[in-house]
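Right, one structure below, let's go through it.
The values are calculated or read from the model by the stated rules, or taken from the named source; none is laboratory data. None of the values given here were measured: they were computed from a predicted structure. Note: ideal-geometry Cβ built from the backbone for every residue, glycine included; neighbour counts use all protein chains shown.
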Ligand code: GUN
């Protein structure tokens, strides 16, 4: 069994991005600029956004954090999105999800200029990705593809089973892995909450991607010997053993599943650290105007 070290891979990629930024600056170009909009005080969102801003600084980007209270109106948020769309100094921006219930996430996502949608959530980017056109690909699917690629894991002709059909992970990663590309060329099955006998299907997977946010859902008897297992789950559960007061739990029961695998991602330290570098990579692409 080989551990897929997302933390190290993410650190390597951050160095590559930092080098690319220093070359841009040497050439007299402006540093890429990422703006992040955060609404409210959700603990998870606060941590994610703080890490995104910190990592921007690490690689030499400019970053701006824009905060709103929970009671911000949809109109106010849409006005800010419009302002960021127009701001020539901002290359890309994200609106951290989830948003309060009185605000339509779809409306906000659709208001973002696809050219600045470094989250890759806009229907235009999802559509372009599906068609195999240049597009911003959302961070978690892009991070999974990058790990598979950097670990030289063969995907062509393999059966990939994805558990979960979310718009930001399950569905896009299933499309990417079925594309005529490298990595790609998989036969992909997507399982979800209405799939009967899930274990019968997951046991057929050469590559198993678990993205449902259900801690320990994937057990050893659901995994074929020699499978590649990618765990996207990051459920925060209270813990009195950690400084932060919580612990991250994956969708895979790591201790019993790992011995059966050829490769497996741990939680934390697997897919998680890759998501932020994917966002940074998209911001670099936006700064260099490489997609649009
Ligand atoms: N909430 C959870 N993950 C993400 C993400 O990748 N982007 C945004 N904007 N919100 C999120």
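Observations on the model:
- Residue match in the stretch 29-44 (condition: touching a residue at least 12 places away in the same chain (Cβ under 8 Å) and closer than 30 Å to residue 263 by Cβ): yes
- For residue 43, the criteria (1) surrounded by 16 or more Cβ atoms within 10 Å (Cβ to Cβ); (2) farther than 22 Å from residue 107 by Cα; (3) within 16 Å of the ligand (Cβ to nearest atom) hold in every case but one, which is (1).
- Matching residues in the stretch 82-118 - criterion: being within 14 Å of the ligand (Cβ to nearest atom), surrounded by 21 or more Cβ atoms within 10 Å (Cβ to Cβ) and farther than 20 Å from residue 44 by Cβ: 84, 92, 112, 116, 117
- Within the stretch 155-169, restricting attention to residues that are over 10 Å from residue 186 (Cβ atoms), modelled with pLDDT of 95 or more and in a loop (DSSP other than H, G, I, E, B), the residue that is farthest from the ligand (Cβ to nearest atom) is 165.
- Tally, over the stretch 264-286, of residues that are outside any helix (DSSP H, G or I) and either out of contact with any strand residue (DSSP E or B) (no Cβ under 8 Å at 6 or more places or on another chain) or buried (at least 24 other Cβ atoms within 10 Å of the Cβ) (or both): 4
- Residue match in the stretch 94-108 (condition: closer than 28 Å to residue 23 by Cβ and outside any strand (DSSP E or B)): no
- Selection of the stretch 119-154 for residues being within 16 Å of the ligand (Cβ to nearest atom) and not in a helix (DSSP H, G or I) yields 119, 120, 121, 122, 135, 136, 137, 138.
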